[in-house]
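The structure appears below as structure tokens.
The values are calculated or read from the model by the stated rules, or taken from the named source; none is laboratory data. The shown structure was predicted, so the numbers you read here are calculated from the model rather than taken from an experiment. No Cβ is skipped: glycine too gets one built from the backbone with ideal geometry, and neighbour counts run over all protein chains shown.
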Amino acid sequence: MTENFQQGRLVEKIQAAKDVVILRVSLPNIQQKKYIAGQFFMFALPDMHNKSGFLVKKAYSVATCCAKHYEDYIEFCIRYYENGELSPKLARLKVGDTILLDGPYGKFTIDPLTKQNLVLLAGGTGVAPMMGFIRQILNEQMKNPILLLYNTKTSKDLLYKTELEEISNDVSNINVVFSLTQDGKESGKGSAEKGRITLAMIKKYCKDKDLNNKEFFICGPVEMIRELKQALLDAGVEKSLIKIDVW
């Protein structure tokens with residue numbers, strides 16, 4: 001991966017949860033910056049270098065798609081930790097500040113010509129590339145049945161909750177189901193679950209029970225990815241149908 005950082009400008013910052021900010025970043029000639037939903041950019045700040053003199057950098061997935069509606073900015077979800085090296089500084093940026101971006105990179109993407117049903121499995125800020133997928137699906141008017149299972153600890157940790165509920169209620173081929181590990185129910189087309197995403201939960205919300213006519217996309221904590229990938233393999237899903245995005 002060759003570094004080729006460009007200067008971007010923060011055009012909007014949204015406090016999405018107590019420890020998550022949504023950053024919308026404008027790049028020069030952004031219309032020509034052809035990224036694909038699900039890809040990622042490397043982030044850095046101009047004045048942050050490590051002991052070896054290199055820029056401190058971290059990868060963040062795109063939460064938008066390359067469509068006219070998003071031609072003025074690219075959106076990212078940033079979970080920040082007070083003892084983090086880069087994330088707390090990103091969270092403290094103000095509109096107009098400079099951010100360095102290098103990318104796009106990655107192959108965690110959806111083929112717009114696929115005929116498969118799509119199952120999106122997200123945990124925490126792992127919903128970011130899934131938002132990119134859903135926005136791409138809406139923009140390209142894809143008719144594939146789409147299931148998003150999205151897990152967080154509490155309802156306050158759900159990102160894009162209102163937007164996802166509206167999509168789930170208004171778009172017939174997209175079903176969104178929230179699952180919460182620490183508190184009560186949240187709806188998505190009347191669906192609600194408590195606990196972590198499991199194979200049983202996936203089967204419950206897949207109308208067609210044949211798991212091998214679906215593509216699975218998993219993004220979230222490493223343990224979640226490992227468990228779900230293994231569960232799908234044990235259930236007979238072909239490895240080629242499972243795509244993962246590890247933080």
Output the number of residues of the range 46-62 satisfying the condition of being under 18 Å from I22 (Cβ atoms) and either surrounded by fewer than 21 Cβ atoms within 10 Å (Cβ to Cβ) or in the same structural domain as A128 (by TED's automatic domain parsing) (or both). 2
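Could you please find all residues in the range 1-16 being crowded, with 18+ Cβ neighbours inside 10 Å and modelled with pLDDT of 95 or more?
Kept after step one, since they are crowded, with 18+ Cβ neighbours inside 10 Å, are these residues of the range 1-16: 8, 10, 13, 16.
Of everything in the range 1-16, those that are crowded, with 18+ Cβ neighbours inside 10 Å and modelled with pLDDT of 95 or more turn out to be L10, K13, A16.
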Scanning the range 210-247 for residues that are in contact (Cβ under 8 Å) with a residue 12 or more places away in the chain, of a type in the set (A, V, I, L, M, F, W, C) and assigned to a helix (DSSP H, G or I), the one farthest from G126 (Cα to Cα) turns out to be L211
Among the residues listed as A67, A91, the single one being out of contact with any Cys (no Cβ under 7 Å at 6 or more places or on another chain), in contact (Cβ under 8 Å) with a residue 40 or more places away in the chain and surrounded by fewer than 14 Cβ atoms within 10 Å (Cβ to Cβ): A67
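Here's the yes/no breakdown for (1) among the aliphatic types (A, V, I, L, M); (2) at positive phi; (3) surrounded by fewer than 18 Cβ atoms within 10 Å (Cβ to Cβ):
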residue: I202; (1), (2), (3): yes, no, no
residue: K207; (1), (2), (3): no, no, yes
residue: L211; (1), (2), (3): yes, no, no
residue: V222; (1), (2), (3): yes, no, yes
residue: L232; (1), (2), (3): yes, no, no
residue: S240; (1), (2), (3): no, no, yes
